[in-house]
Amino acid sequence: MKKILRTGLFAASLLVSPLAHAADTYTLDASHTAVTWTISHFDFSHPWGKFAMIDGSLTLDEKNPANSKLSVTVPMDHIVTGVDKLDEHLKSDAFFDVAKYPTSTFTSTKVTVTGKDTATVEGNLTMHGVTRPETLEVKLNKLGENMMKKKTAGFSATATVKRSDFGITQYLPMLGDEVKLYIECEANI
């Protein structure tokens, strides 16, 4: 009887085990994750900037990617344009007002697989004290072990947001309203 019970418990653990390990939780690698943006500057040029030191987690369900989740925090004072004076201006209350709104966040609400290695990730973006739904177009670049032998997921993503939707209206309409985002991300277990 004990042998049958042990065998039954072992079989049950095999059935439950894949469900328990269906999703892995990754931590974003801040040194290999950034949000780069571009905006029209009075239609003369399209300068670039970058947000770095991004924090977050990804729960990746390889068997059912639609069950995956993403949560990201962007420290707004880590903006880099290559021009110190412009960085300070963008941090001021004329734009991001980092003293009042030090972070922006994105939390996924839905993942829709669109191809072998692509998906749309819908979620809520909170920036400048406003929360709005936004969508990322995401491509899985690679899933495997990195040089440190850590399981790693690498992604590229794009999105376009309107800064006026978040109450950032300085110099509208001359300075562009649409901001194009290019996101590169590595996350490790």
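In this structure, residue 112 does not satisfy being under 24 Å from residue 185 (Cα atoms), of a type in the set (Ser, Thr, Tyr) and free of Cβ contacts under 8 Å to residues at least 40 places away in the same chain. When the criteria are applied in full, residue 142 meets the requirement of being without any contact (Cβ under 8 Å) to a residue 24 or more places away in the chain and touching a strand residue (DSSP E or B) at 6+ places or on another chain (Cβ under 6 Å). The residues of the range 71-117 that are crowded, with 18+ Cβ neighbours inside 10 Å, hydrophobic (A, V, I, L, M, F, W, C) and part of a strand (DSSP E or B), listed by number, are 72, 74, 79, 106, 111. Residue count for the range 145-168 satisfying the condition of being without any contact (Cβ under 8 Å) to a residue 24 or more places away in the chain, part of a strand (DSSP E or B) and either of a type in the set (Lys, Arg) or within 30 Å of residue 100 (Cα to Cα) (or both): 2.
In the range 145-171, the qualifying residues are those that are closer than 20 Å to residue 40 by Cβ and among the aliphatic types (A, V, I, L, M), and the one that is surrounded by the most Cβ atoms within 10 Å (Cβ to Cβ) is 168.
Kindly indicate the residue of the range 172-189 that is free of Cβ contacts under 8 Å to residues at least 40 places away in the same chain and assigned to a loop (DSSP other than H, G, I, E, B) and also surrounded by the most Cβ atoms within 10 Å (Cβ to Cβ) among those meeting that condition. Ranking the candidates gives 172 first.
Residue count for the range 118-138 satisfying the condition of being touching an Asp or Glu at 6+ places or on another chain (Cβ under 8 Å), over 24 Å from residue 156 (Cβ atoms) and assigned to a strand (DSSP E or B): 1. Among the residues of the range 17-32, those that are more than 11 Å from residue 152 (Cβ to Cβ), modelled with pLDDT of 75 or more and in a helix (DSSP H, G or I) comprise 30, 31. Could you tell me whether residue 51 is surrounded by fewer than 15 Cβ atoms within 10 Å (Cβ to Cβ) and aromatic (Phe, Trp, Tyr)? For residue 51, the condition - surrounded by fewer than 15 Cβ atoms within 10 Å (Cβ to Cβ) and aromatic (Phe, Trp, Tyr) - is not met.
The values are calculated or read from the model by the stated rules, or taken from the named source; none is laboratory data. Computed from a prediction, not measured in an experiment: that's the story for all the values here. Neighbour counts run over all protein chains shown; Cβ positions are idealised from the backbone, glycine included.
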